[in-house]
Amino acid sequence: MSPFDLHTHSTISDGTLTPARLVQRALARGLDVLALTDHDDTGGIDEACREAEGTPLRVLPGVEISVTWESRTLHIVGLNVDPGNHTLAAGLAAIREGRDVRARRIGESFAKAGIHGAFEGAKRYVTSERLVSRTHFARFLIERGHARSMQDAFKRYMRAGRPGHVEHAWAALGDAVSWIHAAGGQAVIAHPARYGLTATRMRRLLGEYRDLRGDAIEVISPSHTLAEAEDSARCARVFGLLASTGSDFHDPDESPLDLGALPPLPMGLAPVWSRW
Ligand code: AMP
Ligand code: MN
Ligand code: MN
Ligand code: MN
């Protein structure tokens, strides 16, 4: 267990617990610090903070921003962001609009592949009218028996070349980092080993990120094997980045790790919380 869990989702994006329920679960599991980092939306932070008032839990306002870098999708977590910051809010609103357009195109793409009503089906799983995600499509595919689990749905339908994958341009890396900084937060590259980057490309990303004044990378994540966590730790040391940790929790049944169920950070790293 780690007392810090700095990457989690609620019904404001593609999680299934409301922000208040997520806070209750974090309290029950004895966490000290919980960052709520919904995809492209900070709309759950007020509710989470209110629920934690008068308890020993500290809720950190966060967000996970979708980014396109060298034609790949990356996720940049912002920690300790001010949700009222206009630069950040405007950037996130633009990304969410793009999500609606993309979801319609994904629906059309499924129809061409013979799976009809996917857009409407995914919409039934949407828990915030402001945000539709591939996770909602995956839940629809499971319901219809097209996939056995989330992993299976993503493997079969969401990879490049499959119907659930359409080209889409998210925010630029530099924009995401600058919005997070404008909102007073720290930028963290989420689950860096999940992107399938070659070592050369990873070095290019981290060099660019450091030049943009990016703060940190996630070292401990359910997306990482032990070896990948060690690799990410090495990257943090070499590029002088802080280290973060998070369960990427979405749902008690779907998610591989429960809140705070995280191994400690490897030795010799400066954790993100050393700057709080
Ligand atoms: P989107 O931002 O709409 O492209 O959806 C991405 C979301 O899909 C991620 O935030 C995860 O919650 C989920 N996801 C991506 N890959 C997988 C996977 N292999 N298994 C389960 N969920 C996944
Ligand atoms: Mn997600
Ligand atoms: Mn992510
Ligand atoms: Mn996430």
Of all accessible surface on the chain at a 1.4 Å probe, what whole percent is carbon and sulfur? 50
With a cut-off of 8 Å between alpha carbons and a minimum separation of six or more residues, what is the relative contact order of the range 204-276 in percent? 32
Obtain the radius of gyration and the Kirkwood radius of the range 189-273 from its C-alpha atoms and give Rg over Rh. 0.97
Roll a 1.4 Å probe over the protein chains and send me the accessible area per residue for the chain in Å². 44
If you wrap the range 116-180's Cα atoms in a convex hull and average its projection over all directions, what's the area in nm²? 5.6
Would you kindly work out the equivalent ellipsoid of the range 1-97 from its C-alpha gyration tensor and give its semi-axes, the square roots of five times the eigenvalues, largest first in whole Å? 24, 14, 11
Just to be sure I understand: if I project the alpha-carbon convex hull of the range 37-156 onto a plane and average over all orientations, what area do I get in nm²? 9.1
Compute the distribution of all C-alpha to C-alpha distances in the range 1-53, in bins of 5 Å from 0, and list the percent of pairs in each, rounded to whole numbers. 4, 24, 35, 25, 11, 1
Accessible-area ranking of Lys155, Lys112, Lys123, largest first, probe 1.4 Å: Lys112, Lys155, Lys123
Please grab the % of Cα pairs in the range 65-127 that end up more than 20 Å from each other. 46
Once the convex hull of the C-alpha atoms of the chain is built, how many Å³ does it hold per residue, rounded to a whole number? 117
What share of all Cα pairs of the range 122-230, in percent, falls into each consecutive 10 Å distance bin? 13, 30, 36, 19, 2
Amide H neighbours of Arg58 under 5 Å, counting only residues 5+ apart in sequence or on other chains, H built in-plane at 1.01 Å? Val33, Leu34
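The values are calculated or read from the model by the stated rules, or taken from the named source; none is laboratory data. The shown structure was predicted, so the numbers you read here are calculated from the model rather than taken from an experiment. Surface accessibility is based on the protein's heavy atoms, side chains included, excluding ligands, DNA and RNA. Shrake-Rupley method; radii C 1.70, N 1.55, O 1.52, S 1.80 Å.
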